[in-house]
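Some notes on the structure that comes next.
The values are calculated or read from the model by the stated rules, or taken from the named source; none is laboratory data. Just so it is clear, the model here is predicted, and its values are computed rather than measured. Note that we place each Cβ from the backbone using ideal geometry, even for glycine, and neighbour counts take in every protein chain shown. Accessible surface areas use protein heavy atoms only, side chains included; no ligands, DNA or RNA. Shrake-Rupley method; radii C 1.70, N 1.55, O 1.52, S 1.80 Å.
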Amino acid sequence: MSSKPEPFPYGKIADVGQVGSAIRAKRRAIGMRQAELASLSGVGARFLSEVENGKPSAEIGKVLQVLRRLGLELSIRPRGSDGSAD
């Protein structure tokens with residue numbers, strides 16, 4: 001019973017829900033369960049579930065741990081620096 005993974009959401013992040021969606025999409029794309037990723041990332045399964053569901057008060061350090069484990073990273077740059085006109 002294998003379901004097709006969600007497409008990985010690339011691009012600008014406008015809210016915390018999109019960070020969670022990106023984490024969930026990558027986790028599913030590599031076939032990993034929440035409990036497994038949580039353990040490998042050094043966070044609790046409940047924390048990971050909350051992050052994937054867009055909890056706005058999630059501890060950023062732990063979110064970064066999860067992203068690193070998935071081979072993902074966050075970048076910060078000034079608005080409009082993507083080459084598009086403001």
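Across region 55-70, what is the total count of residues that are open to solvent by less than 60 Å² (accessible area, probe 1.4 Å) and either closer than 14 Å to Arg27 by Cα or touching a helix residue (DSSP H, G or I) at 6+ places or on another chain (Cβ under 6 Å) (or both)?
5
Kindly establish whether Ile30 is among the hydrophobic types (A, V, I, L, M, F, W, C) and at pLDDT 90 or above.
It is true that Ile30 is among the hydrophobic types (A, V, I, L, M, F, W, C) and at pLDDT 90 or above.
Quick one: how many residues across region 35-46 are buried (at least 18 other Cβ atoms within 10 Å of the Cβ) and assigned to a helix (DSSP H, G or I)?
3
Taking the stated definitions as given, is Ile23 under 13 Å from the mean Cα position of the chain (by Cα) and modelled with pLDDT under 85?
Spelling it out, it is not the case that Ile23 is under 13 Å from the mean Cα position of the chain (by Cα) and modelled with pLDDT under 85.
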